[in-house]
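Just below is one structure, and these are the notes that go with it.
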């Protein structure tokens with residue numbers, strides 16, 4: 001694409017991706033602060049699906065790459081694919097200009113490990129520099145504005161999972 005050329009978002013596809021709402025035993029979810037975001041944008045783990053990869057496998061891979069976490073149990077999957085559009089200033093730049101946004105399958109997972117297992121430097125190219133456990137309902141206010149609607153839908157869909165604390169080995 002020529003430098004400075006305007007991109008018509010309607011001509012671009014959505015990139016397929018996954019998102020992970022990782023719940024601890026107290027019913028809180030994991031969020032991490034992006035290294036590359038001015039002002040420190042927080043988000044739940046998420047990322048792209050590799051060619052030939054199934055969404056659930058992609059979610060487990062992304063979680064391990066971004067956080068070092070592998071001790072999880074499956075709780076739920078979003079009913080459908082949830083999408084967001086990039087803002088105009090990122091169109092033509094993010095993902096080398098090939099996508100208008102992302103369409104994600106979200107997974108709710110229960111963290112069965114301990115906080116000591118979390119390693120934001122598990123990969124050679126870390127995405128985060130800090131993390132914390134928060135109430136799921138708070139996540140929309142922590143995310144960049146263009147993903148806020150998607151996070152509201154995730155919070156609504158997985159709200160029941162955030163209410164009951166889980167015991168160790170309780171995959172509910």
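None of the figures in this text is laboratory data; all of them are computed from the coordinates on show. Fair warning: this is a prediction, and the values are worked out from it, not measured in the lab. Here Cβ is always computed from backbone atoms with ideal geometry, including for glycine, and neighbour counts include all displayed protein chains.
Once C-alpha pairs closer than 8 Å and six or more residues apart are averaged by separation and normalised to the residue number of the chain, the relative contact order reads 33 percent.
What is the calculated FRET efficiency for residue 25 to residue 141, with r their C-beta to C-beta distance and R₀ = 22 Å, to the nearest 0.05?
On the way: r = 24 Å, r/R0 = 1.08.
Efficiency at R0 = 22 Å is approximately 0.40.
As a calculated quantity, the FRET efficiency between residue 163 and residue 83 at R0 = 30 Å, using C-beta atoms, amounts to about 0.65. Taking 122, 76, 21 as the candidate residues, the one with maximal mean-square fluctuation in a Gaussian network model of the chain, Cα springs under 10 Å, is 122. Expressed per residue, the C-alpha convex hull volume of the chain stands at 121 Å³. So which residue, out of 152, 53, 135, gets the largest mean-square fluctuation from a GNM of the chain using Cα contacts under 10 Å as springs? The residue that fluctuates most here is 53.
Residue ranges 126-134, 40-48 sort as 40-48, 126-134 when ordered by packing (mean number of other C-beta atoms within 10 Å per residue, highest first).
Of all the options 52, 17, 68, the one that moves most in a Gaussian network model of the chain with Cα springs shorter than 10 angstrom is 52. In degrees from 0 to 90, rounded to the nearest 10, what is the angle of the helix 55-67 Cα long axis to the longest principal axis of the chain? Long axis of 55-67 versus the principal axis of the chain: about 80 degrees. Spin-label model, residue 125 to residue 56: label points 7 Å out along the Cα-to-beta-carbon direction sit 2.8 nm apart. When the Cα gyration tensor is reduced to axis lengths a ≥ b ≥ c, the ratio a/c is 1.5 or higher for region 12-68, and with a/b not above b/c it is classed as oblate. Distance from the alpha carbon centroid of region 22-72 to that of region 94-125 works out to 3 angstrom. Here is how the number arises for the chain: DSSP H runs of 4 or more residues each give -39500 (n - 2.57), the sum is divided by the residue count, and the result at 222 nm is -4500 deg cm²/dmol.
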